[in-house]
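First the structure, in the form of structure tokens, and then the observations on it.
The values are calculated or read from the model by the stated rules, or taken from the named source; none is laboratory data. Being a predicted model, the structure only gives us computed values, none of them experimental. Cβ placement follows ideal geometry from the backbone for every residue including glycine, while neighbour counts extend to all protein chains displayed.
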Amino acid sequence: MNADTPRLSWPEVSLRRMDRGSLVSPSGQEGPAGIVSTLCGAHAQILSAAELSVALRIEGATRAEVRAALWDRRELVKMYGPRGTVHLLTTADLPLWIGAFSSIPQSPSPFPKDVQMTEDQTEQVVAAIGKSLLSAELTVDELTDAVVAATGPWAGDLVMEAFQGKWPRWRQAMTLAAHRGVLCFAPNRGRKVTYTNPLRYLSDVTPLDGPTAQRRLVQRYLHAYGPATPQNFAQWLNAPRGWASGLFRAMEGDIEQVDFEGNPAWVNAGDTAIPAEPHRGVRLLPYFDAYVVAAQPRGLLYPGQASVRALTPSGQAGNYPVLLVDGTVAGVWHQRRSGKRIQVTVEPLAPLSGAHLAELDEQVERVGAVLEGKPELTVGTVTVGAHA
């Protein structure tokens with residue numbers, strides 16, 4: 001860095017990120033697909049949290065609008081995304097995501113040698129998944145039967161350690177199948193999760209070539225969450241750090257270095273603008289909201305006691321819904337539903353001003369509107385632990 005290097009402070013950066021993520025004010029133009037595309041996906045391990053995360057960013061929207069975009073209009077797709085976790089992505093962006101996922105170096109298998117599949121077996125399983133789901137919505141047990149029938153008994157061996165038993169061998173390829181564009185989630189059948197092939201809804205999902213997809217993904221990520229380092233990008237994707245560093249070096253000219261609170265970080269070339277007015281306000285973000293999961297560094301986003309109260313012991317973000325004050329984590333919250341009644345408990349880490357308490361009331365009302373219920377606010381201790 002030198003004297004000419006642009007300098008950005010944490011308040012400026014948090015404002016940029018919140019403004020671009022429609023958190024300063026909800027968007028009056030974008031629908032669910034536009035919001036999800038800008039966020040580079042919405043974490044959907046808890047689908048209700050994803051619905052809240054997206055709808056909060058859209059003026060007047062409720063969870064029903066997000067559900068319609070996902071299950072009716074097919075503008076969104078629920079599938080394994082960044083870090084292999086369940087996300088909402090846009091169907092329009094699938095060529096980008098599949099091209100990037102298919103070309104990013106894979107991390108070593110976490111499974112013992114006797115559990116792993118050979119490269120040939122993996123390809124057989126992925127092909128069987130794609131073919132089996134092309135005209136059906138199957139539960140995991142039904143998909144097991146289809147994969148074993150297409151490949152052989154070895155695919156059904158119960159060798160993978162699971163929560164309450166063991167899973168069949170083939171299931172270690174589910175994320176890869178999603179990243180190849182042949183597996184996504186379908187609507188639940190009662191309480192059972194089902195899967196299908198996104199090609200059932202799309203005429204074509206031709207992936208972008210790997211280098212192009214990787215570069216565009218960096219640019220999308222930096223637009224939403226920059227300034228950021230290659231290590232931040234690698235952590236967000238769960239990709240090798242060395243690969244990410246090489247990719248950033250190869251993009252010289254397309255991205256540029258800035259001074260972010262005294263440390264080097266990167267933005268898209270020429271993208272150093274800051275919204276004119278500083279953000280002052282309160283926001284309630286649900287589990288695994290993109291702002292708190294993707295934005296770095298955690299030390300600035302989760303200052304002081306927030307790092308103890310709102311992060312897991314390993315430093316993982318998103319496991320608690322958070323209270324933001326002026327773009328920084330300042331507490332946690334929880335909601336419990338009973339019929340139409342929604343009990344919202346908010347635990348600030350420091351006393352809130354009268355203005356902030358008034359804004360908190362507004363945020364709770366907005367949460368209730370999105371969830372189509374009647375909210376009741378309690379300011380007190382949240383006793384519910386972190387989500388796994």
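Figures for the structure shown
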{"quantity": "Neighbours by Cβ (under 6 Å, 6+ apart or cross-chain): first from the range 9-23, aliphatic (A, V, I, L, M); second surrounded by fewer than 21 Cβ atoms within 10 Å (Cβ to Cβ)", "calculated": "L15/P275; L15/H279; M18/V24; M18/H279"}
{"quantity": "Qualifying helices (runs of 4 or more DSSP H) (wholly inside the range 138-232; at least 3 residues being surrounded by fewer than 16 Cβ atoms within 10 Å (Cβ to Cβ))", "calculated": "140-151, 210-225"}
{"quantity": "Residue check for R249: basic (K, R) and within 25 Å of the chain's Cα centre (by Cα)", "calculated": "no"}
{"quantity": "Any hit, the range 98-106, residues being more than 23 Å from V292 (Cα to Cα), touching a Phe, Trp or Tyr at 6+ places or on another chain (Cβ under 9 Å) and of a type in the set (S, T, Y)", "calculated": "no"}
{"quantity": "Count - residues of the range 364-385 that are over 18 Å from A50 (Cβ atoms) and surrounded by 15 or more Cβ atoms within 10 Å (Cβ to Cβ)", "calculated": "5"}
{"quantity": "Test result for E261, of a type in the set (D, E, K, R), surrounded by 17 or more Cβ atoms within 10 Å (Cβ to Cβ) and touching a residue at least 12 places away in the same chain (Cβ under 8 Å)", "calculated": "no"}
{"quantity": "Subset of the range 322-348 [farther than 14 Å from P286 by Cβ and surrounded by fewer than 18 Cβ atoms within 10 Å (Cβ to Cβ)]", "calculated": "D326, T328, S338, G339, K340, R341, Q343"}
{"quantity": "Residues of the range 34-80 classified as of a type outside the set (D, E, K, R) and touching a Phe, Trp or Tyr at 6+ places or on another chain (Cβ under 7 Å), total", "calculated": "6"}
{"quantity": "Members of the range 300-321 found to be surrounded by fewer than 20 Cβ atoms within 10 Å (Cβ to Cβ) and either touching a helix residue (DSSP H, G or I) at 6+ places or on another chain (Cβ under 6 Å) or free of Cβ contacts under 8 Å to residues at least 60 places away in the same chain (or both), listed by number", "calculated": "L300, P303, G304, Q305, S307, V308, R309, P313, S314, G315, Q316"}
{"quantity": "Test set (1) at pLDDT below 95; (2) part of a loop (DSSP other than H, G, I, E, B) - S102 fails condition number", "calculated": "(2)"}
{"quantity": "In the range 301-355, residue farthest from V367 (Cα to Cα) [restricted to those that are over 21 Å from the mean Cα position of the chain (by Cα) and of a type in the set (S, T, N, Q)]", "calculated": "Q305"}
